[in-house]
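In what follows, a single structure is set out as structure tokens and then discussed.
Where a number appears in this text, it was derived from the coordinates with a stated rule and is not lab data. Please read these numbers as outputs of a predicted model, since none were measured by experiment. As a convention, Cβ positions derive from the backbone with ideal geometry for all residues, glycine included, and neighbour counts pool all protein chains shown.
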């Protein structure tokens, strides 16, 4: 492998390097000093993230199995930034005695999953795609059960692995039908040989079902609530932000490239899925009292909005999806960050526990409010533009009813996001969560998120860059 | 060529003040932050006046029409090659007028609040929010494109949410602010969809394009229909829905009376002069489109406006909370403005309604702000909102009394106060286009005079209750704004509006229509007279005086009889047969409908929660079922 090829694959190769270095560091650190792994891993990952932004080659490797473009690189960088924020947020949780022995395990498993995602979004054929997908998923089930001494966490792990096995089975079934009807697994060749037949439709629907599981679209979403609630907070945020974002991206790319000629059909499939997902996600989110479950369900509804952008099936649509994911990363991680800090310091996770929090922890409350406003899509915070572009994309394809339903759903979602704001700022509480000081890493993570929420909303170059790299059908 | 680039400071100063007071406010003494905010707004006000002076008197007109100037316009986002989102400052007659209105009322409210909010917890926060609100409102009126307008529109919503909920320790204030926010958001979704539709077809957000000849031509020739109406009508109706939400038109009006929970200066700023007229401004801004592409939508606007004005005026007669009387009165007056737009044509004399609407917006801002600030002064003195706990206050609050009287006379439309002139133009416009609405507005004029003077007599005359503390006049910092606004209310009507603000920006001569004006003044006087007879003193005493006058028996009898008729008409018929049912309808049906939507949603979510059982085998079952259902649908049903 020469240097050029190395440069094309640098994200994956460097990340493998980071994982190995963390593993080696673990071998040489004394057993009572394991927490030294934390700064080492953070710095290594930061370096890797920075290197990822340097300009590099794009191209195709392994006879078309692996491909990368500037848009893919940009998306990998978005994922890296998100993972970096999550690593910062998890630092103080990992410092707890109970996790002391397993600190490097956390990093190794989490980053392995990220390696899988990188391969997945760089896939050029269905084999590489599937391998990446599984490499991303299997470590995640271990992470979901990371708090193994807690029943809920163990339950989350088991539920996750069993349901993802089922979804993988269906996905593979769909892929083999596709192979059977077209005789190829390469994206470009499948696209050329695609002819609509009942068998192919069956294969396509199974493929969509498998992807819907990953993005947790209704009715393939049931695992989400239990897993999100049981898993440690930082794992939940990884699942709901990074994992979901990566899956949505490759789903869109495959629909745009491989299933180009079926765009009429998948438009209608997504139509149904998005209505179900937005509406049911919202209805569930409204009744959640546990903050993690609440954010989990609200993230289901958010995924429904992403589909609107995909349905635009245009350059604008792709731009809007990538832009929305970017906004969503910062907004959701800010919200999860606050939940994580509070859960670490006090162990409280219920919405009622947040009552009157503004009095004691005004900064955290303000950040939470900002994040929720962004998720709800209130201008001028970034989230509004994210949603607006998605709606524009769908409207330009003529899906007026869908946009109307989506806007209604956005209004409903405003209601439950305001419930949290109300709890923090307005509800009376004689004993609100005590005042506490968060650690440096927690603060840094939240500052990055807030800066992101503002910067993305107000700086147009980011949008323009994504637009330049995007493509339509 | 006169350069208007300095107008950007009209936006920069308030947002700077917000950041300064919001971030560092706690470091200052309360009074300092109040004074800082007020000075900032004072500068904004002077800049606005200067801009208005330059625009109307110095700037040369082209072909006799006022120019439309883009003082600033930066491209913010390139949505696609043809569609761009811009931010800037747009100078034209109505935006300049709104700058004057918003900055004047905001400045007066700032000044007044230094006295009114003295000693309140969160004094600095209050001024920070006021600055934010003013910034949002100013940004809205100078928007160069509909997208910028929408962003500031939402900012206005957020900042009014903060201001109404200012007394966050009071649950009712919190509920009110939430209601206001949710109801207006609900309306805004229509606005957003309307914007998407409009921009999709006209390929532009800019007002200059979409209300210019090209935009009108495109919109007018749209052949697409949806449920039997053209897409253009749909888009403009949806946009009006956003306007109706902010301007509290029936049936989206329910948030406004509750929003009176906010501090009184806030009510003066938000609910009299600025936010609630945003809807009127929106329709005026897009008026050429409405007029040429969707006359049906204009008819809807006229009837919604007319109905709201009557509906609200009837309710106002029954309220005892003085701020609520004023709230309903605002609804009624905004209904007038909407109606005037709805009956207006485009260009020259035909555009009388447009000009009348803007004229009334201007005068109403002055006298309604005065009424609210006066009410604040009364509440400040007696520590109550209820008129039963007031009476005889004219002795204790001489300045408030005098200015309040001027405002009441103005809103009643008496010659030669400003309300007379603007209301007369509206009535004249309605007279030419729609006799039914015209008659309704006559009735509303009478009701308006009645309920305002009912309020006036109950508060300043009538029987004096037992006051715990002797009421005292408010400090000078509160009465100066009252006096200024009183002067404005008297003289604002003499502005030659038809020479400045018209639908096609060409000045025209408007004449007072005596046939319309004389009956309208007479109706106003009748309303005042009824109020005088019933509320100047306790009714029993009215009766005694009538008897005590002696003289011819029949005269007494007749007077007594008339008195009874008045009493019967107002107390029995209006109160019991009309107002109460209307109020009931409002409370139970309209509110109930809105609450019902929320209830159904919660109920459904409870029902479907059963599916989320926690049993993995159920999840797998639903998963497979979903996949098969989708496969079946798309193999067999989808073509």
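Hey, how many Å between the Cα centroid of region A:399-446 and the Cα centroid of region A:86-152?
Each part's Cα centre sits 27 Å from the other's.
Normalise the Debye intensity by I(0) for region A:53-145, one equal point scatterer per Cα, no solvent, then take log10 at q = 0.22, 0.24 Å⁻¹ and round to two decimals.
With one equal scatterer per Cα and no solvent, log10 I(q)/I(0) is -1.10, -1.20.
Normalising by the residue count of chain A, find the relative contact order in percent from Cα pairs under 8 Å and 6+ residues apart.
15 percent
So what's region A:133-228 giving for Cα Rg divided by 2.2 N^0.38 Å, two decimals?
Cα Rg divided by the expected 2.2 N^0.38 Å: 1.28.
Using label points projected 7 Å from each Cα along Cα→Cβ, tell me how many nm separate residue A:455 and residue A:50, to one decimal.
So the two model labels end up 1.4 nm from each other.
Going by the alpha-carbon gyration tensor, a ≥ b ≥ c the square roots of its eigenvalues, is region A:14-73 rounded (a/c under 1.5) or, if a/c is not under 1.5, prolate (a/b greater than b/c) versus oblate?
Cα axes put region A:14-73 in the prolate bin.
Rounded to the nearest 0.05, what FRET efficiency do residue B:3 and residue A:440 have when you use their Cβ-Cβ distance and R0 = 51 Å?
0.50
Along the Cα→Cβ direction, 7 angstrom out, place labels at residue A:70 and residue A:199. What is the inter-label distance in nm?
So the label points at residue A:70 and residue A:199 sit 4.2 nm apart.
Within region A:244-282, what residues put their amide N at less than 18 Å from the label point 7 Å along the Cα-to-Cβ vector of residue A:401?
Answer for this model: A:264-280.
Once the Cα gyration tensor of region A:210-287 is diagonalised, what are the square roots of 5 times its eigenvalues, in whole Å and ordered largest first, as equivalent ellipsoid semi-axes?
Computed over region A:210-287, the values are 25, 16, 8 Å.
Note down the Stokes-Einstein diffusion coefficient of region B:1-126 in µm²/s, whole number, using a Kirkwood radius over alpha carbon pairs, 4 °C, and 1.567 mPa s.
Rounded to a whole number, D works out at 78 µm²/s.
Enter the Cα centre distance for the pair region B:112-159 and region B:176-195, rounded to the nearest angstrom.
17 Å
With just the Cα atoms of region A:298-407, tell me how far they stretch along each of the three principal axes, in Å, largest first.
Result, largest extent first: 48, 23, 22 Å.
Partner chain Cβ atoms within 10 Å, averaged over the residues of B:344-356 - can you pull that number for me?
The mean count of partner-chain Cβ atoms within 10 Å per residue comes to 0.
Counting only other chains, and only Cβ atoms inside 10 Å, what mean value do you get across the residues of B:183-194?
If you average over the peptide's residues, the count of other-chain Cβ atoms is 4.
Quick one: what do you get for region A:287-344 if you divide its Cα Rg by 2.2 N^0.38 Å?
1.33
For region A:3-471, which semi-axes, largest first and in whole Å, follow from the square roots of 5 times the eigenvalues of its Cα gyration tensor?
Listed largest to smallest, the semi-axes of region A:3-471 are 33, 27, 21 Å.
Would you calculate the volume per residue, in Å³, of the smallest convex hull containing every Cα atom of the protein assembly as shown?
Hull volume normalised by residue count: 176 Å³.
Using only atoms on other chains, find how many Cβ atoms lie within 10 Å of each Cβ of peptide A:302-310 and report the average.
Going residue by residue through A:302-310 and averaging, the value is 0.
Grab the beta carbon distance between residue B:615 and residue B:515, set R0 = 60 Å, and tell me the FRET efficiency rounded to 0.05.
Here the calculated transfer efficiency is 0.15.
How large is the convex hull of the Cα atoms of region B:254-303 per residue, expressed in Å³ as a whole number?
73 Å³
Once the Cβ-Cβ distance between residue B:494 and residue B:57 is put in as r, and R0 is 25 Å, what FRET efficiency do you end up with, to the nearest 0.05?
Once the sixth-power term is evaluated, E becomes 0.95.
Label-point separation (nm) for residue A:16 and residue B:220, each offset 7 Å from Cα along Cα-to-Cβ?
A separation of 6.8 nm, rounded to one decimal place.
Run a plain Debye calculation on region A:354-459 (Cα atoms as equal point scatterers, no solvent) and give log10 I(q)/I(0) at q = 0.12, 0.19, 0.21 Å⁻¹, rounded to two decimals, same order as the q list.
Those come out to -0.51, -0.98, -1.09, one per q.
Quick one, what does Rg over Rh come out to for region B:64-106 if you take C-alpha atoms and the Kirkwood Rh?
Reported Rg/Rh (Cα atoms, Kirkwood Rh): 1.14.
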